[in-house]
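Undergrad: Shown below is the structure under consideration.
Rule-based calculations on the coordinates, nothing more; no lab input. Predicted model, so just to flag it, every value in this text is computed and none were measured. Cβ placement follows ideal geometry from the backbone for every residue including glycine, while neighbour counts extend to all protein chains displayed.
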Amino acid sequence: MENEELIAQVQTRFPEASIVLGNDFPEVSIDSKQLLPVLQTLKTEPSLAFNFLFCETCVDWKTHFTMVYHLESTTHRHNLVIKANLDRVQPEIETACHLYRAAELHEREIFDLFGIIFTNHPHLRRILLTDDWVGYPLRKDYDDPINMIKL
Amino acid sequence: MFEQVSANNNGELVINVGPQHPATHGVLHLLITLHGETVTKLEPNLGYIHRSIEKMCESLSYRQFIYTTSRMDYLSSHINNHACALGVEKAMQIEIPERAEYIRVLMSELTRLASHQLWWGAMAMDLGALSPFFYAFREREVINDIMEETCGARLTMNYFVPGGVMYDIHPNFVKRVKDFIVLFKSKIAEYDELVTGNVIFQNRMKNIGIISKEDAISYGCTGPTARGSGVSCDVRKNYPYSIYKNVQFDEVLEYGCDAFSRYQVRIKEMYQSVRIIEQLIDQIPEGEFQAKTKAVIKLPKGEFYTRVETARGELGVYIVSEGGTTPYRIKFRSPGFSNLSALEHMVKGHKIGDLVAIMGVLDLVIPDIDR
Amino acid sequence: MDVKVTPPSEPFPGTVHPTDGGGILLSTLDDVINWARSNSLWPLVFGTSCCAIEMMSTAAAKYDFSRFGFEVARATPRQADVIIIAGTIVNKMAPVLKRLFDQMPDPKYVIAMGACATSGGPFFYNTYSVVKGADHIIPVDVYVAGCPPRPEALLHALITLQEKIKSGATRDQIRIEMKDNGK
C-alpha cells in the first residue's frame, strides 16, 4: 500500500491520532494509554497486517520521553512508525511483547538504559548493565563522573 | 553473577554457559534450566561487551560516529559503515558518484563472503570438526589481503565515508578479485563436499532448532535465520539501496525451518555474492570516488531510518537529529539482538548438545548484540 | 668416538665444556626452567570482540602461532599459562576476567591485545561502561598496539613474552628477588 493510502486508512481507524509523513515512513502519534488497542488493530486487520516489529526504541527529549515503534507488514511491504509520549517523572507504558515477541528483549533494553516501566512485562530486569547499576545511562541528564571521561 | 550450579524442586538443574565459553563465540552468558539433558528454559544475560556505543555517538560528529560501527559487527564492518553513510547521505541529499556505488557494493559482498566463511569454519569447529576452520581461514586471508590493499585494514575498515569511499581502489583490485573468484568457486565445492554432504553433520543439524514462519516474524528474526523459515526479508531485494536494484541475484529461501535450512541459506548466499561480484567487477565506471561534501556535516532536523542487509540480517540505523553537528540520539537495530531472542524458542525441548549446533548456525556476533 | 654436537636453533641456556666422549653442560636450574617454560605457553581462548578474530587468524593456517609453542589453545583457565585479552573489557566483564586470571595456575602471563585492552582505545571518552585498560584489573606483561593489531603484531608480542620469560625478569621472579633482598 502506498503511503498516502496507508495514512488515510490509519486515520479513519484512529481519528484522534495525528499522522504525518516523515522522512522515511508515516508517523502516527498516539496517546500512550491507547498503545495496545492500536497495535492490536494494526496487527490483526488483514489490509494492514503489521506483523513485524523491527525496531523499538525510546528518545529522551528532556521534557518527556517518546517511545518509537517501527512496524512492517511482511505481506504488504508497508511500514509505519508509532510514537507515544511518556511522562518523564513516571514513565509507564503497556508492554507490546504479547503481540510481538521481539519486543521482550527490546523492552528490557529500554528499561535498562532509559528506565521506562513496561507494565505486564514477564520479567522486566536489567539486561545489559549489572543489577546494582544506579541510574539510566541513555537519559540526557545521566552523569557518571567515575566512569565517564568527557572530551 | 550467577556462578553456582543449583537444583530446584522439580529436579531441574540451572547451569551457566558463558560468559567465558568456547561455544558462545564471545562473551554471551546463557542461564539454562535442564531437566536431565533436555533444555526447559533458556535466558540470555547480555552486556558483557556493552560498550555504550549509542551514548558515545551522541557526542561524536557525523563523520566520526561511522567508525564506532566498524567495531559493532566487526565481521560485516563495511556493511555497517554503509548503513551509516547512507543515513547521512539521505538526510543531506548527497548524490554519490556511480564509481563509489560500485566499489561499495563490491566491498560489501566481499565482506559478506568473508563473514560467511568465518561462520562456516567456526560452526564446524563447534560441532567438533577442526579442519574446516583452517580451510575457511585460508580463503578468508585472500579477501583480507584484497581489503588491506585498498582500505589499509584487515578487519575494521572505516572505508565508507559520507559522500563515497575514502580512497580509490588499488590498481590491483580488479585482477585480485577475479583471481579470488576463480579460487573461491573451486573451494566452495570443497566446502560442500566436506561438510554439507556429510551424514554425521546432517544428522546433527536436521530437525533441530525449529522455528515456524510466523514465529520467526514475531521474534523479529531477519537474515539467514528468518530466510531458513521461508520469510522473505532480504533488504537488498525488498527495499533496494545503492545499486542493488540493477544487479541480478536471487533471494535465497529455504522452507525447512530447522538449523540445516539456515545452514543451506548461508551456503547458497555465498554463491549469490559471487554472482553479484562477477556482474560488477568488470563494469566499475570511471570517475570520481567521492562526492564533494562540506567539511562539517550538519544534518537537518528530523528523524532518519536506514536499513541494510548485513551478513546476519537487517541492520537499521535510526538517527534523530536536532540540526546540530552531532546526532541527538542514535539507535542501532542490530540483527543479532532479535535473532538471539528467538534462541529460547529454538532450543526448548532439545538436548543440551544441540544447543551448540543451533547457536553455531545463528552466527552470533556478541558486540553486535550488546553494542 | 667423535660426537658431533649440532647447535639447536634456539640456544640452550648454558655453556658446554667439551670433554672426551661428550661434554659437560653448566647451567642454572632457573634458566633451564625458564627456557622450557617459554617454549610451551598455552593460551586461554579468551576473546571479547574484534581482536578475537585476529587472534583466530593468528591461530589459523597462514600465520600459525603453534610454530612458537602456542599450539594448545585451552578453553579452561586451569590449563592455561597465558591469557591474551583480545578485546574491550567492560565493567560487567571485569569480575569475570579477574576470576579467570585467579583460576590460572602460576606462573601466568598476560598479553593485552589491541587498543581497547591497553587503554580503552576508541571507547575511552564518553562511555559509561568501558574499563580504561585491562591493567586496571589484572597485571599485564606485554601490550600490543593496533585496532585490531595485525597477526604479525600478536606474534611479535608472543615472542617478546618468550624473551621476557627467558630473561628471568617476570613479575613473580622480580617479586621473589625483592623479598629475598629484604626490599
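Undergrad: Between A:S18 and B:N207, what is the label-point separation in nm under the 7 Å Cα-to-beta-carbon projection?
TA: 5.8 nm
Undergrad: Here is a further query. How high is the relative contact order of chain C, in percent, with contacts defined as C-alpha pairs under 8 Å that are six or more residues apart?
TA: 20 percent
Undergrad: How large is log10 of I(q)/I(0) for region B:49-362 at q = 0.07, 0.12, 0.15 Å⁻¹ when the intensity is taken from the Debye formula with one equal scatterer per alpha-carbon?
TA: Per q value, in the given order, log10 I(q)/I(0) is -0.27, -0.81, -1.23.
Undergrad: For q values of 0.12, 0.17 Å⁻¹, compute log₁₀ I(q)/I(0) with the Debye formula on a Cα-only model of region C:86-183, without solvent.
TA: Values returned for q = 0.12, 0.17 Å⁻¹ are -0.45, -0.82.
Undergrad: If you put +1 on each Lys and Arg Cβ and -1 on each Asp and Glu Cβ, how big is the dipole of region B:10-140 around its Cα centre, in Debye rounded to 20?
TA: 320 debye
Undergrad: Can you compute the charge dipole magnitude of chain B about its Cα centre, using +1 on each Lys and Arg Cβ and -1 on each Asp and Glu Cβ, nothing else charged? Give it in debye, rounded to the nearest 20.
TA: Taking the Cα centre of chain B as origin, the dipole is about 560 debye.
Undergrad: Explain nothing, just the number: dipole magnitude of the protein assembly as shown about its Cα centre with +1 on each Lys and Arg Cβ and -1 on each Asp and Glu Cβ, in debye rounded to the nearest 20.
TA: I would put it at about 520 debye.
Undergrad: Which ordering of C:F68, C:F101, B:F65 is given by a fewest-first count of other beta-carbon atoms within 10 Å?
TA: Final ranking by Cβ density, sparse to dense: C:F68, C:F101, B:F65.
Undergrad: Using the Cα centre of region C:1-138 as origin and beta-carbon charges of +1 (Lys, Arg) and -1 (Asp, Glu), tell me which of C:P105, C:T15, C:N39 is placed farthest towards the positive end of the dipole.
TA: C:P105
Undergrad: Please tell me the relative contact order of chain A in percent, rounded to the nearest whole number, where contacts are Cα pairs under 8 Å and at least six residues apart.
TA: For chain A, the relative contact order is 18 percent.
Undergrad: How would A:V38, B:V231, B:V317 line up from fewest to most surrounding beta-carbon atoms within 10 angstrom?
TA: Listing A:V38, B:V231, B:V317 from fewest to most nearby Cβ atoms yields A:V38, B:V231, B:V317.
Undergrad: Here's another thing I want to ask about it. What nm distance separates the two modelled labels at B:T38 and C:E163, each placed 7 Å from Cα along Cα→Cβ?
TA: Each label point is offset 7 Å from its Cα along the Cβ direction, giving 6.0 nm.
Undergrad: Could you tell me how far the Cα centroid of region A:29-44 sits from the Cα centroid of region B:303-333, in Å?
TA: What the calculation gives is 24 Å, centre to centre.
Undergrad: Taking the Cα centroid of region C:21-53 and of region A:102-130, what is the distance between the two, rounded to the nearest whole Å?
TA: The distance from the Cα centre of region C:21-53 to that of region A:102-130 comes to 48 Å.
Undergrad: Along each of its three principal axes, how wide is the spread of alpha-carbon positions in region A:3-119, in whole angstrom units, largest first?
TA: Dimensions of region A:3-119 along the principal axes of its Cα atoms: 37, 27, 24 Å.
Undergrad: Which listed residue (B:I284, C:V131, C:N181) has the Cα farthest towards the positive end of the charge dipole for the protein assembly as shown, taking +1 on Lys and Arg C-beta and -1 on Asp and Glu C-beta about the Cα centre?
TA: After comparing all options, I get C:N181.
Undergrad: Using modelled backbone amide H atoms (1.01 Å from N, in-plane), which distant-in-sequence or interchain residues come within less than 5 Å of A:E94's amide H?
TA: Here the answer is A:T119, since their amide H atoms fall under 5 Å of that of A:E94.
Undergrad: Set the Förster radius R0 to 51 Å, insert the Cβ-Cβ distance between B:E12 and C:W42 as r into 1/(1 + (r/R0)^6), and round the FRET efficiency to 0.05.
TA: 0.90
Undergrad: How large is log10 of I(q)/I(0) for region B:233-300 at q = 0.18, 0.21 Å⁻¹ when the intensity is taken from the Debye formula with one equal scatterer per alpha-carbon?
TA: After summing over all Cα pairs, the log10 values are -0.84, -0.97.
Undergrad: To the nearest µm²/s, what D does Stokes-Einstein give for region C:1-141 at 20 °C and 1.002 mPa s, using the Kirkwood radius over alpha carbon pairs as Rh?
TA: Roughly 123 µm²/s, to the nearest whole number.
Undergrad: Say we join alpha carbon atoms closer than 10 Å with springs in a Gaussian network model of chain B; which of B:G164, B:G18, B:G313 then has the biggest fluctuation?
TA: B:G18
Undergrad: Taking a temperature of 25 °C and a viscosity of 0.890 mPa s, what whole-number D in µm²/s does Stokes-Einstein yield for the protein assembly as shown with Rh from Kirkwood over alpha carbon pairs?
TA: 91 µm²/s
Undergrad: Applying 1/(1 + (r/R0)^6) with R0 = 30 Å to the Cβ-Cβ distance of C:Q79 and A:D132, what FRET efficiency is obtained, to the nearest 0.05?
TA: 0.35
Undergrad: Looking only at C:I24, C:I53, C:I83, which one moves most when chain C is put into a Gaussian network model with springs between Cα atoms under 10 Å?
TA: The residue that fluctuates most here is C:I24.
Undergrad: Among A:V28, A:L53, A:V10, pick out the residue whose Cα is farthest towards the positive end of the charge dipole of chain A, where Lys and Arg carry +1 and Asp and Glu carry -1 on C-beta, about the Cα centre.
TA: Of the options given, the answer is A:L53.
Undergrad: Whole Å is fine, so just give me how far the alpha carbon centre of region B:25-65 lies from that of region B:106-132.
TA: 21 Å
Undergrad: List A:D143, B:D168 from most exposed to least, where exposure is judged by having the fewest other Cβ atoms within 10 Å.
TA: Neighbour counts put them in this order, fewest first: A:D143, B:D168.
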